[in-house]
Structures are given as structure tokens and as C-alpha cells.
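Engineer: I'd like to ask you about the structure that follows.
The values are calculated or read from the model by the stated rules, or taken from the named source; none is laboratory data. As the structure is a prediction and not an experimental result, all values here were calculated from the model. Here the Cβ is made from the backbone with ideal geometry for all residues, glycine too, and neighbour counts use every protein chain on show.
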Amino acid sequence: MTQLFKTTLLMAGLIGLFMLIGYLFGGQSGMLLALALGCGVNLFMYWFSGSLVVKMQGAKPLNGKYPEVERIVTDLTQRDNLPMPKLYYVDTPIPNAFATGRSPSHAVVAVTSGIMEILTESELRAVLAHELGHVKNRDMLVSTIAACMAGAISYIVQFAFIFGGNDREGGGNPIAAIAAAILAPIAAMVIQMAISRAREFLADEHSAHTLGSGRELESALLKLESWKQSAPPLKPSPTEEATASLMFANMFSMQGLASLFSTHPSTADRVKRLRGIDGRP
């Protein structure tokens, strides 16, 4: 089963869960209200997600600060026949990179000062090829929709409990509604994170195919993992938590059940897949 097909199934499951919650609390009218709310939220995020993420991260225009980034991205976009994205940097020692924006023609690619300090130029090229894979696959839109759907499910549950459900249309089973109120937000988060992980694998594949090998991306991943293991445990801020799914790597330690909600596959799983693409053991 391809990662693209898995993503499609997960998105369908998330939308179905979204509409089911509306139905359990308000019957057919509740289901339609849930659908309308979801469409409205996604439309807003479609247009403004890019600028919101840039502001949340405190990103600044590159403006020649890292000329190698501009040189690499120019070369890679020409290879991929993509428009040149806007380039930004975030002044933080945490090594990472991200892409955002509603479409390839409105894309943003950003690096942190931390990642510029630890990667070689060939490793940086592999990471930027990964981020442009997100742009080419329109992952920013998919991730935004998934995040908004997951958030809206929690909002609908809270709204229904405050204002009460409607059982006149055969959709107000109180036991089912209570069960949904407990389980649905958790299920939505799990599906959202699974979508994010699937998109990371696709972007890794894009980088490996673009550069002809996954070795440099593997090296970059292992360097970031080593940095994370040697650094003091990091606790994400609300802003970092909200934008975690957009990042190249999850730089925050997650163990046990918390790993279920990780926005990224483990470094070991990503490295294993990259070696498989190259036909390496």
C-alpha cells in the first residue's frame, strides 16, 4: 500500500469521524453543521496558514544571510519545475527546517540557524529537497486540513456539551455521544499524526529520488538525532507544538504512549526506508 493511498484513507477516516460526531450530537442537521464548520475553518486556513506559521515561528526573510540556501533551492526548484519559494530563517539553536504555504506558487521554505551550524552543504541539500517534496506534493494543504479537522472535532464536542444535542432526528443517542466525546478527539489526533507521518515518508522518498540517493538525508537525520540525544530534554512551547507537524524532524523527546501522537516517524524507521530505496541493507 503506497503512502499516498494510506494518506487518502486516513483523510477519509478523519472526515468521516468529523461528520459522525456531528450526527451523534445533532442528527442530520448536526452532521451538516459539522461539515459546514469544517469547510469554513479549512477555507480560512487554506488562505492564511502560510503567513500564520511564519509569524508563529518568528521567521525572518533570508535576504542573503545564508546564500547557500538560496543557491541550493534555486537549483532544486529548477529540477522539479517548481516556482521559487520565499526563503526564511528562524534564529534558534534547535536544528530544523520547514515548508508551508497554500500552494507551490505561495510556498515558504525556512531553515533554522541551528541546522545551518551542524549540516554539511550536501546534507543541507538533501533536507531542502525533502522540504520541496512537501511543496510539490502539496503537503502543506493536506496537513492544514488534517490539523483543522482534528481541532474542529474537539470544538464540536465542547460546543455540543455546552448547548446540548438534538435527538429529534435520530442522531442524539446520549451514550454514544458521551463515548464519542471521550474517544473522538483522541482518535482524531491519532489520525492527524498518522497523516503527518505518511507525508514525511513521501518527502523523504522525493529527496532520495531527486538526488539519486538517500545517503545524505540519512546522514542529516542521524546528525539531528544525535543532537537531540545530547541536548538537555526540550519541552515544546505552544507555538512549537502547534507547528510540529510542519518541521523536518521532531526534536522533542516522546516515549511510550506519547509516541503515538508524534508528528514524525522515528529516525530509525526513516533511515530504514531510505536504505530500502537505495537497495542498501
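Engineer: Which one is farthest from H134 (Cα to Cα), of the residues in the stretch 57-83 that are of a type in the set (A, V, I, L, M, F, W, C) and within 21 Å of the chain's Cα centre (by Cα)? Steps first, please.
Structural biologist: Filtering the stretch 57-83 for residues of a type in the set (A, V, I, L, M, F, W, C) gives 59, 62, 69, 72-73, 76, 82.
Add one more test, that the residue is within 21 Å of the chain's Cα centre (by Cα), and what stays is 59, 73, 82.
On the way: A59: 19, V73: 13, L82: 12 Å.
The residue in question is A59.
Engineer: Another question, then. Within the stretch 203-231, can you find the residues that are touching a helix residue (DSSP H, G or I) at 6+ places or on another chain (Cβ under 8 Å) and small (G, A, S)?
Structural biologist: First pass over the stretch 203-231, keeping only residues touching a helix residue (DSSP H, G or I) at 6+ places or on another chain (Cβ under 8 Å): 203-211, 213-225, 227.
Within the stretch 203-231, A203, S207, A208, S213, G214, S219, A220 meet the criteria.
Engineer: Would you call L24 surrounded by 21 or more Cβ atoms within 10 Å (Cβ to Cβ), at pLDDT below 70 and either touching a strand residue (DSSP E or B) at 6+ places or on another chain (Cβ under 8 Å) or not hydroxyl-bearing (S, T, Y) (or both)? Can you show your working first?
Structural biologist: On the way: surrounded by 21 or more Cβ atoms within 10 Å (Cβ to Cβ): yes; at pLDDT below 70: yes; either touching a strand residue (DSSP E or B) at 6+ places or on another chain (Cβ under 8 Å) or not hydroxyl-bearing (S, T, Y) (or both): yes.
Yes.
Engineer: On the basis of being crowded, with 22+ Cβ neighbours inside 10 Å, touching a strand residue (DSSP E or B) at 6+ places or on another chain (Cβ under 8 Å), outside any strand (DSSP E or B) and on the phi < 0 side of the Ramachandran plot, does V54 make the cut? Talk me through it step by step, then tell me what you get.
Structural biologist: On the way: crowded, with 22+ Cβ neighbours inside 10 Å: no; touching a strand residue (DSSP E or B) at 6+ places or on another chain (Cβ under 8 Å): yes; outside any strand (DSSP E or B): yes; on the phi < 0 side of the Ramachandran plot: yes.
No.
Engineer: Which residue pairs have Cβ atoms under 8 Å apart, sit 6 or more places apart or on different chains, and have a first residue in the stretch 62-91 that is farther than 17 Å from S207 by Cα and a second that is buried (at least 20 other Cβ atoms within 10 Å of the Cβ) and of a type in the set (F, W, Y)?
Structural biologist: Pairs found: L62/Y88; L62/Y89; K65/Y89; Y66/Y89.
Engineer: When the stretch 221-242 is examined, which residues are found to be part of a helix (DSSP H, G or I) and either at pLDDT below 75 or within 19 Å of the chain's Cα centre (by Cα) (or both)?
Structural biologist: First, pick out the residues of the stretch 221-242 that are part of a helix (DSSP H, G or I): 221-230, 238-242.
Selection gives L221, L224, E225, P238, T239, E240, E241, A242.
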